[in-house]
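Below: one structure, written as structure tokens.
The values are calculated or read from the model by the stated rules, or taken from the named source; none is laboratory data. Source: prediction; values computed, not measured. A quick note on method: Cβ atoms are made from the backbone with ideal geometry, for glycine too, and the neighbour counts reach across all protein chains shown. Side chains are part of the model used for accessible areas, which takes the heavy atoms of the whole protein and leaves out ligands, DNA and RNA. Shrake-Rupley method; radii C 1.70, N 1.55, O 1.52, S 1.80 Å.
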Amino acid sequence: MAKGSNTFGGTLKLQGQKEYREAIKSINSDLKVMASEMKKEVAQFGNNQSRTEALTAKQKVLSEQYDAQKGKVDAYRAAVEKLQREQSECGFQVQKLSYAYEDAKSQLDTMKKSTSSTSEEIEKQENRVHGLEVGLEKANNQYNANERSINEWKTNLNKAEAELYKLNNELEENEKQIREQFARMKTAKLKYD
């Protein structure tokens with residue numbers, strides 16, 4: 001609280017969300033392009049090319065998608081960690097404000113019981129208490145809004161990680177199919193040699 005002020009002057013709103021949102025938007029855009037590349041590869045190889053070429057092309061696109069999705073997970077994780085650190089600091093600031101409010105109320109009670117306090121001093125302290133009460137209510141509301149925002153980021157992180165696991169499974173399955181295809185080709189070649 002600023003000296004001589006009746007309200008809390010700090011901000012408890014979480015910072016940096018915009019930058020993370022922009023990074024996620026960029027990654028999502030890249031993932032859309034890669035998904036369209038996958039559709040193109042599947043359509044291109046249809047029945048005209050060998051299964052091995054199709055699987056290899058699919059593996060390349062899946063690898064790119066996996067890398068982009070990993071970047072998305074990393075961005076969400078970094079955002080959650082940063083926002084949690086900021087929220088911890090916000091919690092400390094709310095606690096400090098709560099202590100200041102309680103202290104100001106106590107001082108007001110003491111002043112009201114005192115015979116040496118003037119009505120002007122008591123009114124000034126009442127205004128200070130009111131300002132702190134309003135500031136504390138706003139700070140608590142913002143703290144709760146921050147918690148909801150962090151939970152939204154955590155939910156998105158979980159979804160991004162689930163998609164990453166799904167891509168990893170697709171990569172492993174495609175890799176298995178490539179190995180099987182090469183084994184079939186090798187077996188067929190040995191039969192004809």
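Some notes on this structure:
- Of all residues assigned to segment 132-143, at least one qualifies as being farther than 30 Å from TYR20 by Cα, open to solvent by 50 Å² or more (accessible area, probe 1.4 Å) and not hydrophobic (A, V, I, L, M, F, W, C).
- VAL134 being hydrophobic (A, V, I, L, M, F, W, C) and in contact (Cβ under 8 Å) with a residue 40 or more places away in the chain: yes
- Considering residues of segment 108-117 that are open to solvent by 70 Å² or more (accessible area, probe 1.4 Å) and polar (S, T, N, Q) only, the residue modelled with the lowest pLDDT: THR115
- The sole residue among GLU19, GLU86 that is of a type in the set (Asp, Glu), at pLDDT below 85 and part of a helix (DSSP H, G or I) is GLU19.
- Flag for ALA162 being loosely packed, with under 15 Cβ neighbours inside 10 Å and modelled with pLDDT of 95 or more: yes
- Of GLU137, GLU170, GLU175, GLU123, all but one fail to be farther than 30 Å from ASN28 by Cα, within 36 Å of the chain's Cα centre (by Cα) and part of a helix (DSSP H, G or I); the exception is GLU137.
- Only one of the listed residues (GLU175, GLU147, GLU180) is more than 30 Å from ASP103 (Cα to Cα) and in contact (Cβ under 8 Å) with a residue 60 or more places away in the chain. That residue is GLU175.
- Residue selected from segment 41-63 under the condition open to solvent by less than 40 Å² (accessible area, probe 1.4 Å) and among the polar types (S, T, N, Q), by the criterion modelled with the lowest pLDDT: THR52
- Scanning segment 50-70 for residues that are in a helix (DSSP H, G or I) and over 20 Å from ASN28 (Cβ atoms) yields ARG51, THR52, GLU53, ALA54, LEU55, THR56, ALA57, LYS58, GLN59, LYS60.
- Some residue of segment 26-37 being open to solvent by less than 40 Å² (accessible area, probe 1.4 Å), at pLDDT 65 or above, polar (S, T, N, Q) and within 15 Å of the chain's Cα centre (by Cα): no
- Check on ARG77, surrounded by fewer than 16 Cβ atoms within 10 Å (Cβ to Cβ), in contact (Cβ under 8 Å) with a residue 24 or more places away in the chain and either within 23 Å of LEU164 (Cα to Cα) or among the hydrophobic types (A, V, I, L, M, F, W, C) (or both): yes
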